[in-house]
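The values are calculated or read from the model by the stated rules, or taken from the named source; none is laboratory data. Quick caveat: nothing in here was measured; it's all calculated off a predicted structure. FYI the Cβ positions are ideal-geometry reconstructions off the backbone, even for glycines, and counts take in every protein chain you see. Areas reflect the complete protein model, heavy atoms only, side chains present, ligands, DNA and RNA absent. Shrake-Rupley method; radii C 1.70, N 1.55, O 1.52, S 1.80 Å.
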Amino acid sequence: MKYMSEYRDATRVKSYLAELQQVVTKPWTIMEVCGGQTHSLVKNGILSMLPDKINMVHGPGCPVCVTPLHLIDKAVFLAEKPDVIMCSYGDMLRVPGSKKSLLEAKAAGADVRILYSPLEAVKLAKENPGKEVIFFAVGFETTAPANALSVLHAERAGLKNYSILTSHVLVPPAIEALIRDETNTVQGFLAAGHVCTIMGMSEYFPLAEKYKIPIVVTGFEPVDLLQGILMLVKQLEAGTYNVENQYTRVVRPEGNPQARAVIEKVFEVSNREWRGIGSIPVSGYEVNKQYTAFDANKKMNISIAKAEESKECIAGEILKGLKKPSQCPQFGKKCTPINPLGAPMVSSEGACAVYYHFNCTEEPV
Amino acid sequence: MSITKKIKMQLSCPMPKFDFDSINLGHGSGGILTQRLLNSGVFEMLKNDKLDEKHDGAFFSLDGELAFSTDSYVVHPIFFPGGDIGELAVNGTVNDLAMCGAMARYLSLSFIIEEGLPVEQFWQILQSIKYACDNAGVQVVTGDTKVVEKGKGDKIFINTSGIGTVHAAADIRLGNIKDRDAVIVSGKIAAHGIAIMSKRQGLEFETDITSDTINLNFTVKKLLDIYGDKIHFLRDATRGGLAGVLNEIAVDAKKGIDIREKDIAIEEQVAGACEMLGLDPLYVANEGVFVAVVDAAVAAEVLNNLRQDANGLNSAVIGSITGEHPAKVILQSAIGGRRVVNMLPGEQLPRIC
């Protein structure tokens with residue numbers, strides 16, 4: 001656990017908190033973009049330790065939460081085919097589609113497998129030549145390289161029975177859409193450390209410059225988060241709007257060129273619908289023409305009607321940081337992790353589920 | 001269980017010559033094949049005078065207050081680092097009785113076997129059952145074997161029920177839990193769940209983490225011998241992990257529980273695996289760890305005593321009972337923040353990134 005415990009050190013946390021207390025003079029609204037950061041802020045009890053003037057709002061960086069309803073319906077539709085093995089990361093399974101979740105499809109007999117890596121799905125395809133093995137390729141830039149790599153592995157192995165159902169989304173276009181939204185209140189962003197590990201920092205400079213808004217690339221441990229918040233507050237107080245890197249032990253300014261090359265080989269940038277937010281231009285990846293044979297969207301015959309979202313779910317306002325989960329009238333009542341109305345109540349990175357699980361009201365407990 | 005112990009067992013109990021390689025539907029039919037399976041190994045392995053009666057049930061008499069418990073074991077994979085389903089099935093029920101303050105005496109043992117289970121694996125499981133029974137001082141006195149069609153089970157399911165005699169000084173009830181009682185955890189958490197995860201298909205990772213499955217009855221007896229009714233409540237932190245058990249106690253006893261993250265012991269490798277898999281160790285299953293709620297006046301002594309026991313070397317007081325926030329478990333995080341520790345809505349699912 002070396003390189004982990006140092007970043008959970010109570011003494012360092014206290015000293016950052018003390019410095020924050022000294023530096024902050026005005027109220028500031030800060031968004032942590034990534035659901036992993038939301039999870040850590042709440043799990044470690046950081047929200048209740050921050051100075052009152054700092055208002056943390058939680059961003060759309062939960063891949064499970066922003067995967068559109070019709071795509072989950074597609075995954076369920078495909079999983080229910082007798083000749084399909086549907087593979088997915090764990091937290092996608094409980095997300096409700098319009099009729100059912102993948103977990104419910106599994107209980108009814110569909111072959112749905114929880115995997116940690118898409119390369120395992122390629123292995124499954126080799127072992128099950130009579131089945132179409134589909135990997136539900138969900139996520140931000142972080143999971144894109146592994147998903148793309150699985151396509152290259154399948155191609156190299158000459159597999160004809162492997163494909164991916166993509167729902168890849170990109171962070172910078174989402175940040176821009178949030179800033180441009182007329183209801184936006186966010187004054188500074190903690191950018192997602194692991195996304196930048198892959199993509200680097202270059203996409204964030206034009207955003208900071210154009211919208212005069214500071215951005216700090218930040219990690220996930222308590223010390224990371226507090227240091228990131230402190231760096232951002234210092235900029236906000238000084239009126240500067242630079243892109244800074246708190247997560248230097250992992251993020252290089254240029255990112256990971258090899259991983260990006262794999263992404264570019266298999267994917268192309270496309271418009272993408274975000275659940276709860278709507279369509280954002282050039283905000284996602286889909287499989288490019290060269291690899292259509294591995295694109296479940298094109299390869300499989302999918303015929304499903306487009307379903308309506310629940311009107312009671314305010315996921316859009318939650319994901320844009322306009323409301324806290326506890327401000328939703330259905331929170332903890334009609335909507336719980338066992339019977340979620342929307343995706344943010346499902347994933348352990350979804351703001352609603354995090355608030356519910358850790359009973360977070362932001363008041364000291 | 002250490003590897004050396006297991007090897008010794010195998011040397012002392014060579015597999016008899018069966019005239020079949022795997023178990024089929026006929027072995028559960030109640031006919032000749034069933035008899036052949038039982039007579040060519042099972043009865044011999046678990047031999048005792050009550051089982052030898054070969055009756056529909058067992059006859060015995062016991063003095064004093066009794067405790068009775070049952071549990072079914074469906075673990076996958078059936079062999080895992082540090083143990084197997086057989087050992088688990090004995091220790092699990094022995095420990096459930098121990099948590100009632102009882103020393104397990106007699107067990108029933110039922111197998112539901114999926115046809116095709118290699119007889120060699122069945123033999124290995126039987127040996128583990130025998131080994132665990134000897135360690136816990138308990139006898140299997142009645143049992144049952146059923147075989148289901150391929151695809152209708154998962155290799156083997158085991159049910160054990162147990163009867164035990166309650167310690168004369170024990171009074172272990174939710175109603176005895178008082179404000180300011182100390183909450184003790186008997187060891188490092190999350191090893192069993194992670195040992196199992198490390199062997200699941202699709203998740204295999206290199207590690208030497210082993211399950212903590214062990215019988216806790218003698219450990220508990222020692223505590224009861226000295227501290228009697230000062231031990232207010234006991235529960236083993238199996239399914240649902242430490243967080244699940246603490247929540248059960250808080251809700252059922254209508255008391256609040258305050259715990260400190262920094263005092264909860266966890267093996268570094270286990271903590272690392274949990275980080276990697278995106279799991280919270282507080283919710284990961286244990287098979288050799290229990291929670292003791294004890295009178296604050298004897299907490300330090302109990303801890304000192306428990307730490308002399310092989311099953312309590314890493315025990316620690318992790319918190320206390322409070323009249324505030326009834327039915328809620330509140331954790332002080334390692335960095336000093338406070339948060340609620342809730343029950344999980346379902347199975348803990350790994351995160352995407």
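Where does chain B land at 222 nm, in deg cm²/dmol rounded to the nearest 500, when only DSSP H runs of n ≥ 4 count, each adding -39500 (n - 2.57), divided by all residues? All intermediate terms of the calculation are to be shown ahead of the outcome.
Details: 10 runs with 102 residues, N = 353.
Only helices count here, giving -8500 deg cm²/dmol.
Find the centroid of the Cα atoms in the range B:153-174 and in the range B:28-44, then give the distance between the two in whole Å.
27 Å
So for chain A, averaging the separation of alpha carbon pairs under 8 Å that are six or more residues apart and normalising by length, what relative contact order in percent results? Don't skip to the end; give the middle numbers.
Numbers: 726 pairs, mean separation 81.8, N = 365.
Relative CO of chain A lands at 22 percent.
Checking a compactness column here: for the range A:243-319, what do you get for Rg(Cα) / (2.2 N^0.38 Å), N being the number of residues?
The range A:243-319 yields a ratio of 1.52.
Which listed residue (A:Ala261, A:Leu319, A:Asn288) has the Cα farthest towards the positive end of the charge dipole for chain A, taking +1 on Lys and Arg C-beta and -1 on Asp and Glu C-beta about the Cα centre?
Towards the positive end, the residue furthest out is A:Asn288.
Quick one: of B:Lys221/B:Lys328; A:Lys99/A:Lys126; B:Lys230/B:Lys262; A:Lys160/A:Lys289, which pairs are farther than 23 Å apart, Cα to Cα?
Table pairs above 23 Å Cα-Cα are B:Lys221/B:Lys328; A:Lys99/A:Lys126; B:Lys230/B:Lys262.
Grab the DSSP H runs of chain A that are 4 residues or longer, score each as -39,500 (n - 2.57), total them, divide by all residues and round the 222 nm result to the nearest 500 deg cm²/dmol.
Numbers: 15 runs with 135 residues, N = 365.
Helix contribution divided over all residues of chain A: -10500 deg cm²/dmol.
Given the Cα atoms of chain A, and with Rh set as the inverse mean 1/r over their pairs in the Kirkwood sense, what is Rg to Rh to two decimals? Mind dumping the intermediate values first?
Numbers: Rg = 20.5 Å, Rh = 21.1 Å.
Checking Rg against Rh, the ratio lands at 0.97.
Using θ = phi - 60° and the Karplus form 6.51 cos²θ - 1.76 cosθ + 1.60, what ³J(HN,Hα) does each residue of the range A:105-111 get, whole Hz, x for Gly and Pro?
Once rounded to whole Hz, the list reads 4, 4, 4, 8, x, 5, 8.
Given chain B, report the % of alpha carbon pairs whose separation exceeds 39 Å.
Counting pairs separated by more than 39 Å, the tail of P(r) holds 18 percent.
Using unit Cβ charges (K, R positive; D, E negative) and no other charged atoms, how large, in debye to the nearest 20, is the dipole of the range B:151-266 about its Cα centre?
200 debye
Leaving ligands, DNA and RNA out of it, report the carbon-plus-sulfur percent of the accessible area of the range A:251-365 at a 1.4 Å probe. Mind showing how you got there, number by number?
Values: 3000 of 5740 Å².
Using a 1.4 Å probe with all protein chains present, the range A:251-365 comes out at 52 percent carbon and sulfur.
Near the amide H of A:Ala137, under 5 Å away, which other amide H atoms are found, from residues 5 or more places off or on another chain, if H is placed in the peptide plane?
Residues meeting the criterion, in which the H sits 1.01 Å from N, are A:Leu165, A:Thr166, A:Ser167.
Among B:Ile330, B:Thr34, B:Val75, which residue has its Cα positioned farthest towards the positive end of the charge dipole of chain B, with +1 placed on the Cβ of Lys and Arg, -1 on the Cβ of Asp and Glu, and the dipole taken about the Cα centre?
It is B:Ile330, whose Cα lies furthest towards the positive end.
Can you give the charge dipole size of the protein assembly as shown about its Cα centre, rounded to the nearest 20 debye, using +1 on the beta carbon of Lys and Arg and -1 on the beta carbon of Asp and Glu?
Here the size comes out at about 1020 debye.
So how much accessible area does B:His76 have, in Å² to the nearest 10, using a 1.4 Å probe?
Around 80 Å² of this residue is reachable by solvent.
What is the distance in Å between the Cα centres of the range A:57-100 and the range A:8-39?
Their Cα centres are 33 Å away from one another.
Note the angle between two axes, namely the Cα long axis of helix A:144-156 and the longest principal axis of the Cα atoms of chain A, as a number of degrees from 0 to 90, rounded to the nearest 10.
Result, in degrees: 20.
Counting Lys and Arg as +1 and Asp and Glu as -1, each charge on the Cβ, what is the dipole of the range B:3-166 about the Cα centre in debye, to the nearest 20?
With Lys and Arg at +1 and Asp and Glu at -1, about 340 debye.
Can you give me the three principal axis dimensions of the range B:3-166 from its C-alpha atoms, in Å, biggest first?
If we take the Cα atoms of the range B:3-166, the spans are 45, 35, 32 Å.
How large is the translational diffusion coefficient of the range A:107-220 in µm² per second when you combine the Kirkwood radius over alpha carbon pairs with Stokes-Einstein at 10 °C and 1.306 mPa s?
96 µm²/s
If R0 is 30 Å, what FRET efficiency do you get for B:Lys254 and B:Ser72 from their C-beta distance, rounded to 0.05?
Step by step, r from the Cβ atoms, then E = 0.50.
Taking the 0 to 90 degree range and rounding to the nearest ten, how far is the long axis of helix A:257-266 tilted relative to the main principal axis of chain A, both from C-alpha atoms?
40 degrees
Calculate the spin-label point distance for A:Glu104 paired with B:Lys150, positioning each point 7 Å from the Cα along the beta-carbon direction, and give it in nanometres.
Those two pseudo-labels are separated by 3.4 nm.
Using all Cα-Cα distances in the protein assembly as shown, what percent lands in each 20 angstrom bin from 0 up to the longest?
16, 44, 32, 7, 0
Between helix A:69-79 and chain A, what is the angle of the helix's C-alpha long axis to the longest principal axis, kept within 0 to 90° and rounded to the nearest 10?
Rounded to the nearest ten degrees, it is 40.
Using a 1.4 angstrom probe and counting only protein chains, how large is the accessible area of A:Glu273 in Å², to 10?
The value for A:Glu273 is about 70 Å².
Under a cut-off of 21 Å between alpha-carbon atoms, report the lysines in cross-link reach of B:Lys47, not counting same-chain residues fewer than 8 places apart.
Result set, ordered by chain and number: B:Lys5, B:Lys6, B:Lys8, B:Lys17, B:Lys130, B:Lys146.
What percent do you get for the relative contact order of the range B:264-353 when only Cα pairs under 8 Å and 6+ apart count?
31 percent
Normalise the Cα radius of gyration of the range B:124-179 by 2.2 N^0.38 Å (N = residues in it) and let me know the number.
Working it through for the range B:124-179, the quotient is 1.73.
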